[in-house]
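Engineer: Encoded as structure tokens, here's the structure I'll be asking about.
The values are calculated or read from the model by the stated rules, or taken from the named source; none is laboratory data. Here the structure is a predicted model, which is why all the values come from computation and not from measurement. Neighbour counts are summed over all protein chains in view; Cβ atoms, including those assigned to glycine, are modelled from backbone coordinates with ideal geometry. All accessible areas refer to the heavy atoms of the entire protein, side chains included, with ligands and DNA or RNA removed. Shrake-Rupley method; radii C 1.70, N 1.55, O 1.52, S 1.80 Å.
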Amino acid sequence: MHHGNVRFRYTKQDGSVRHAIGTLTGYEHCFHQPYIPRPENTFVVYYDIEAKGWRTFHAENFLDIDVEDEPEKTRTE
């Protein structure tokens, strides 16, 4: 997410599954500091491309990255 958009899924608090397209490319511009993930963080922050806003979810609710639409080259890297 640091270098572009990523499709992924996570479980929301209400139990439904959220399919999202997110990025971190604008983080430093918006928050005036670099994004530095820390081991003690229990939340994942991302910019939701479709909702046009910053969102978070519990890291433990992350399901997977959707590689269905990505080129073959990305899958093998």
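Engineer: Could you pull the accessible area for residue 25 with a 1.4 Å probe, rounded to 10 Å²?
Structural biologist: Around 90 Å² of this residue is reachable by solvent.
Engineer: Measure off 7 Å from each Cα along the Cα-to-Cβ vector at residue 67 and residue 2, then give the distance between these two points in nanometres to one decimal.
Structural biologist: It works out to 2.0 nm between the two label points.
Engineer: Still on this structure, I have one more. Helix-derived [θ] at 222 nm for the chain: sum -39500 (n - 2.57) over DSSP H runs of at least 4, divide by residue count, nearest 500?
Structural biologist: Values: 2 runs with 10 residues, N = 77.
Result for the chain: -2500 deg cm²/dmol, rounded to the nearest 500.
Engineer: Counting only heavy atoms of the protein chains, get the accessible area per residue of the chain (1.4 Å probe) and round it to a whole Å² value.
Structural biologist: Numbers: 5800 Å² over 77 residues.
Per-residue accessible area for the chain comes out at 75 Å².
Engineer: Compute the length gained on full extension between residue 19 and residue 56: take 0.36 nm times their separation in residues and subtract their Cα-Cα distance, giving the result in nm to one decimal.
Structural biologist: That works out to 12.0 nm of additional length.
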